[in-house]
Amino acid sequence: MRILQVNSATNLGGGETHVIELVQALRSGGHDVTVAGRPGGAVQPQIHFSFRGSADLITAIRLRHFMKRNSFDIVHAHVARDYTVVAAAALGLKVKVIFTRHLLYSVRGNPLYRRVDGWVAPTSQMLARLAPLRPKRSALIPNWVDLNKFSYSPHAVHQPVNIGLLGQISPHKGHEDAIEALRQLGPGYRLIIAGKGQESYVAQLREHSRTLPVEFSGFAEFKEFFERVDILLVPSWEEPFGIVLLESMATGIPVISTSAGGPRDIVRPGLDGILVPPRNPPALATAVRSLSDLQFRASIIEHARGRVEAEYDIRKVIPRIERFYREVASAS
């Protein structure tokens with residue numbers, strides 16, 4: 001198939017890594033894939049347009065001419081601000097239009113969305129929020145992890161026990177709740193916070209935790225981080241998907257997450273990991289203590305790796321996207 005992937009992001013994040021890996025996998029599968037984005041964009045675009053926002057008519061016209069000249073079967077957009085531009089560009093063309101929704105909040109309706117032939121949602125919650133659009137077709141297809149990049153290597157528990165948080169540092173990610181849970185846990189536990197955020201907020205967290213064993217490690221390589229931590233904590237107030245959960249589960253680190261958004265689809269409570277209510281430090285502390293039972297911990301780790309292998313390995317997920325492409329492409 002001839003496929004055009006569209007992503008105007010300038011900063012590399014989870015969604016952009018998703019697109020890069022998707023493109024690589026589709027090309028390996030024999031598809032002819034072109035990537036469009038901004039100059040210097042995060043997804044390494046071959047074709048450049050300005051993408052100045054959702055009402056960028058000039059980009060829509062130029063993109064339309066490009067699609068018309070190249071006779072694509074599928075155009076697939078991944079960023080919300082690109083939706084209307086891509087839909088407008090496809091008006092009157094035979095190309096099939098697919099959008100992936102990576103955000104939790106509902107999509108604001110737009111008449112141009114009648115041009116969309118299919119929607120992809122990585123979680124059941126995102127899929128439900130597409131319902132008001134009355135999509136022609138929709139599919140629940142999760143994000144993935146490449147198991148070739150994350151070796152399964154469970155390790156002995158450190159003393160003190162290292163609890164890790166990895167990713168963006170911002171209030172809705174629940175770092176303050178994790179610090180309060182550490183306070184309630186008492187001696188024998190340590191918190192490692194890896195990632196970056198606004199300096200003022202990080203300074204606030206440092207002050208809040210200055211009497212506690214908390215390390216702010218900044219940017220961290222996945223391998224080094226997972227070797228250091230004994231438990232991954234995802235205390236977000238709301239989490240669209242939670243790719244770090246899959247990475248931790250693949251590696252052999254037990255996960256504790258709030259039951260807010262994507263983690264509800266990923267983690268089967270008490271089997272693959274532990275889910276707790278958001279904004280509840282006592283529940284986080286109780287969950288951490290439960291993993292001191294080494295038999296329970298080993299069971300969680302084993303089931304989690306099996307779940308990732310069965311449901312979230314990139315080699316299992318990409319064929320589902322290809323099938324959806326073919327379903328949409330064959331529809332009249």
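Screening the candidates P154, P142 for the property of being under 30 Å from D293 (Cβ atoms), at pLDDT 95 or above and more than 17 Å from the chain's Cα centre (by Cα) yields one hit, P154. Here S106, S8, S50, S54 are screened, and the one residue that is closer than 27 Å to E238 by Cβ, in the same structural domain as P132 (by TED's automatic domain parsing) and in contact with a Ser or Thr (Cβ under 6 Å, 6 or more places away or on another chain) is S54.
So that you can scan it fast, the table gives a plain yes or no per residue for (1) among the aromatic types (F, W, Y); (2) farther than 25 Å from E21 by Cα; (3) surrounded by 21 or more Cβ atoms within 10 Å (Cβ to Cβ):
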site: A88; (1), (2), (3): no, yes, no
site: D146; (1), (2), (3): no, no, no
site: Y152; (1), (2), (3): yes, no, no
site: V157; (1), (2), (3): no, yes, no
site: N162; (1), (2), (3): no, yes, no
site: Q168; (1), (2), (3): no, no, no
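Report whether or not G53 is over 24 Å from Q168 (Cα atoms) and modelled with pLDDT under 95. It is true that G53 is over 24 Å from Q168 (Cα atoms) and modelled with pLDDT under 95.
Beta carbons closer than 8 Å, at least 6 apart along the sequence or on distinct chains, pair a first residue in the range 115-136 that is under 13 Å from L104 (Cα atoms) and part of a loop (DSSP other than H, G, I, E, B) with a second that is at pLDDT 95 or above and of a type in the set (V, I, T) for P122/T100; P122/I141.
Of the residues G15, G29, which is touching a residue at least 40 places away in the same chain (Cβ under 8 Å), at negative phi, out of contact with any Ser or Thr (no Cβ under 7 Å at 6 or more places or on another chain) and exposed (fewer than 15 other Cβ atoms within 10 Å of the Cβ)?
Checking each option against the conditions leaves just G29.
Looking at (1) part of a helix (DSSP H, G or I); (2) more than 19 Å from H102 (Cα to Cα), can you tell me which one S50 breaks? Against the list (1) part of a helix (DSSP H, G or I); (2) more than 19 Å from H102 (Cα to Cα), S50 comes up short only on (1). The condition of being under 24 Å from E309 (Cβ atoms), outside the structural domain of L104 (by TED's automatic domain parsing) and surrounded by fewer than 23 Cβ atoms within 10 Å (Cβ to Cβ) holds for only one of E215, E221, E239, E207, that being E221.
The values are calculated or read from the model by the stated rules, or taken from the named source; none is laboratory data. Since the model is a prediction, treat every value here as computed from it, not as a measurement. FYI the Cβ positions are ideal-geometry reconstructions off the backbone, even for glycines, and counts take in every protein chain you see.
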